[in-house]
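First comes the structure, then the notes that go with it.
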Amino acid sequence: AQSVTQLDSHVSVSEGTPVLLRCNYSSSYSPSLFWYVQHPNKGLQLLLKYTSAATLVKGINGFEAEFKKSETSFHLTKPSAHMSDAAEYFCVFLGSARQLTFGSGTQLTVLP
Amino acid sequence: DGGITQSPKYLFRKEGQNVTLSCEQNLNHDAMYWYRQDPGQGLRLIYYSQIVNDFQKGDIAEGYSVSREKKESFPLTVTSAQKNPTAFYLCASSMQSGGNTEAFFGQGTRLTVV
């Protein structure tokens, strides 16, 4: 069975400091992994995706994520948080059965 | 432009009525999904379909029904049997072919039961 786990339900950072949102997956197959962001009362926006090409993936708004097969992780990072980054972030897994699996989400708060 | 469209964006329903949420995609994706999101919670899978004329229950299928008569369309009916239907509903589609993988999401439908 495939699964994805977001290790933190809430993360708070100060503006200008680094962001780390953690995601681990479980699968027998090489997955496709995505990070999506959802701002209040908005739909989901794709930040970045990993599809077995480069393990370090750069996305929009300065976000990036590194696929580490040995650690079964796909953590999302940003060097310097901005107030506009405050939102909910979802790690999403697309497995070989073409089934999308969502993590439970991480609420990011950015403090002034 | 290719994409996935949900309609309507906001929907109000009287208690005891069935209502159908529309989801259409022109991406030629085989797989489509319906999720429900409640305040402070993640997205929970209601139903998914990997191919036309076939669909499977997700984690919270009770009180919902779907059909997949066409590749482009995956409507969700919220029946009167659904005890707490007020929520944000999100439709998605995905395609995985060779080294190319993509997943798209609609903008969601917010259903309120009055």
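Read-outs: derived from the displayed coordinates by stated rules, not from any lab. Computed from a predicted model, the values in this text were never measured in an experiment. Glycine gets a Cβ as well: all are built from the backbone with ideal geometry, and neighbour counts include every protein chain shown.
May I ask you to work out the translational diffusion coefficient for chain B at 10 °C, viscosity 1.306 mPa s, via Stokes-Einstein with Rh from the Kirkwood sum over Cα pairs, reported in whole µm²/s?
Rounded to a whole number, D works out at 112 µm²/s.
State, in angstrom, two size descriptors of the range B:45-99 derived from its alpha carbons: Rg to one decimal place and Dmax to the nearest whole number.
12.4, 42
Going by C-beta contacts inside 10 Å, put A:H10, A:H82 in order with the fewest on the left.
The fewest-first ordering by Cβ neighbours comes to A:H10, A:H82.
For the range A:73-112, report the translational diffusion coefficient in µm²/s to the nearest whole number, using Stokes-Einstein at 25 °C, 0.890 mPa s, and a Kirkwood Rh over Cα pairs.
Roughly 205 µm²/s, to the nearest whole number.
Give me the distance in nm between label points sitting 7 Å out from Cα along the Cα-to-Cβ direction at A:L20 and B:Y10, one decimal.
Using points 7 Å along Cα→Cβ, the separation is 4.2 nm.
Evaluate the relative contact order of chain A (contact order divided by residue number), counting alpha-carbon pairs under 8 angstrom at least 6 apart; express in whole percent.
Reported relative contact order: 37 percent.
Say R0 is 41 Å: what FRET efficiency, to the nearest 0.05, do A:E71 and B:D38 get from their beta-carbon distance?
0.85
Within 12 Å, Cβ to Cβ, of A:N41, how many net charges do the neighbouring residues add up to if Lys/Arg are +1 and Asp/Glu are -1?
That sum, taken over residues with Cβ under 12 Å, equals +2.
Tell me the net charge near A:R22. Cut-off is 12 Å between Cβ atoms, A:R22 excluded, with +1 for each Lys or Arg and -1 for each Asp or Glu.
Summing Lys/Arg as +1 and Asp/Glu as -1 gives -2.
For the protein assembly as shown, what ratio Rg/Rh do Cα atoms give with a Kirkwood hydrodynamic radius?
Expressed as Rg/Rh, it is 0.97.
Need the C-alpha centroid separation for the range B:44-88 versus the range A:46-80, integer Å.
Rounded to whole Å, the Cα centres lie 31 Å apart.
For the range A:1-98, state which trypsin sites (Lys or Arg not before Pro) are in a DSSP loop and have at most 12 other beta carbons lying within 10 Å of their beta carbon.
A:K42
What's the longest piece of chain B with no exposed GluC sites (Glu not before Pro), counting a site as exposed if DSSP puts it in a loop and it has at most 15 other beta carbons within 10 Å?
B:16-61
Return the loop-located chymotrypsin sites (Phe, Trp or Tyr not before Pro) in the range A:1-107 (DSSP other than H, G, I, E, B) with at most 13 other Cβ atoms within 10 Å of their own Cβ; answer none if there are none.
The qualifying sites are A:Y29.
Can you give the three extents of the C-alpha atoms in chain A along their principal axes, from longest to shortest, in whole Å?
Projected onto the principal axes, the Cα atoms of chain A cover 42, 28, 21 Å.
So for B:R36, B:R68, fewest C-beta neighbours within 10 Å to most, what's the order?
Taking fewest neighbouring Cβ atoms as first place, the list is B:R68, B:R36.
Distance in nm between label sites at B:S73 and B:D59, each 7 Å beyond Cα in the beta-carbon direction?
3.0 nm
Taking the Cβ of each residue in B:L43, B:L27 as the centre, tally the other Cβ atoms inside 10 Å and list the residues starting with the fewest.
Placing the least packed residue first, the sequence is B:L27, B:L43.
Suppose R0 equals 25 Å; then what is the FRET efficiency for B:S22 and A:H39 from their Cβ-Cβ distance, rounded to the nearest 0.05?
0.60
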